[in-house]
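Working notes, structure below.
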Amino acid sequence: MRELNLDRLRTLVTIADLGSFAEAARTLHLAPPTVSLHIADLEALIGAPLLVRKRGEVRPSGAGEVLVERARRLLADADEAMDLVLRQVQGLEGRVRLGASTGAIAHLLPQALEVLGRHHPGIDVQVVVLTSQETMSRLALGGLDVGLVALPLPSVRGVTVLPWRRDPVMAFVPSAWTAPRRVTPQWLAGQPLILNDDGTSLSRLTSDWLALAGEHPKARIQLNYNDAIKSLVAAGYGATLLPHEASTATPLDPRIRMLPVQPRLWRPLGIAHRAGPVERATQHVLDVLWQQKQV
């Protein structure tokens, strides 16, 4: 069965509103024969007359009135859908799906989202907590638009990754402890430790830093939420290594001391997105994130 055509429905509604084929043709910028053809096609599809000509005026038939009423809704829905899509294409509105770790979400995203909200209030950023590997996988499958990922990462077909930030990793120790001015792997390995979960990029970074000095300590507890780790440090439960995001304005708990490490250690992050053309809404998010670039 042939489907209803929106152009032909618009012609029918316009004729019903104006009461004239000729006026409808002028309003729709169509040739009169084209208007007649639209109605003939609809009537052939429906199998009944849709318009009645009487005393120089054209009015819908009974079947025509039913179709005109429904056609108005269909045309309004189609116009609304097109408007929404165009606003997305123009970057005025849209949904952007972003994947990141809990640390990036807590300390790096809020500032970017605040700026985005001021300049592009119609863009809705939907944030998902993921590891870097999960983020890359979802980007490749089309389930995400942007990802904040720890570097280095194996390349993934269809995903572009560019360096974004390089934040120093610092030692966070309870203020009550006696600690050196610069924390070494040997000193840290002798303390109770609170470290990130195995499998996270920060866990691998920390383990490699300790292992280069021949140290392989066992953590007292492992978590994957940096703010919770800091709370435990403040309580005197142990020490940790965490990145220091210099652009964040969150004050450090006075019960914690943040100390540099020797040798120095950095946590590199990248911005990932699907390769190829980037939608305007996604580009606005990328632009705001690049304002926080620190490499």
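The values are calculated or read from the model by the stated rules, or taken from the named source; none is laboratory data. All of these numbers come straight from a predicted model, not from anything done at the bench. Because the Cβ atoms are built from the backbone with ideal geometry, glycine has one as well, and the counts that use them run over all protein chains shown. Quick note on the areas: whole protein, heavy atoms, side chains included, nothing else; ligands and nucleic acids left out. Shrake-Rupley method; radii C 1.70, N 1.55, O 1.52, S 1.80 Å.
Points worth noting:
- Count - residues of segment 186-205 that are in contact with a strand residue (DSSP E or B) (Cβ under 9 Å, 6 or more places away or on another chain), closer than 21 Å to Met136 by Cβ and either at pLDDT 95 or above or small (Gly, Ala, Ser) (or both): 2
- Residues that are under 14 Å from the mean Cα position of the chain (by Cα) and not in a helix (DSSP H, G or I) were ranked within segment 95-120; the one that is farthest from Leu148 (Cα to Cα) is His120.
- Those residues of segment 128-154 which are within 13 Å of the chain's Cα centre (by Cα) and open to solvent by 60 Å² or more (accessible area, probe 1.4 Å), in sequence order: Val129, Arg138
- Any hit, segment 224-237, residues being open to solvent by 20 Å² or more (accessible area, probe 1.4 Å), modelled with pLDDT under 95 and part of a loop (DSSP other than H, G, I, E, B): yes
- Segment 155-169, residues that are open to solvent by less than 100 Å² (accessible area, probe 1.4 Å) and not polar (S, T, N, Q): Val156, Gly158, Val159, Val161, Leu162, Pro163, Trp164, Arg165, Asp167, Pro168, Val169
- For Met82, the conditions (1) open to solvent by 80 Å² or more (accessible area, probe 1.4 Å); (2) more than 30 Å from Arg274 (Cβ to Cβ) all hold with the exception of (2).
- The helices (runs of 4 or more DSSP H) found entirely in segment 1-68 that carry 3 or more residues being charged (D, E, K, R) are 6-18.
- Number of the exception - Ala171 against (1) under 26 Å from the mean Cα position of the chain (by Cα); (2) modelled with pLDDT of 95 or more: (1)
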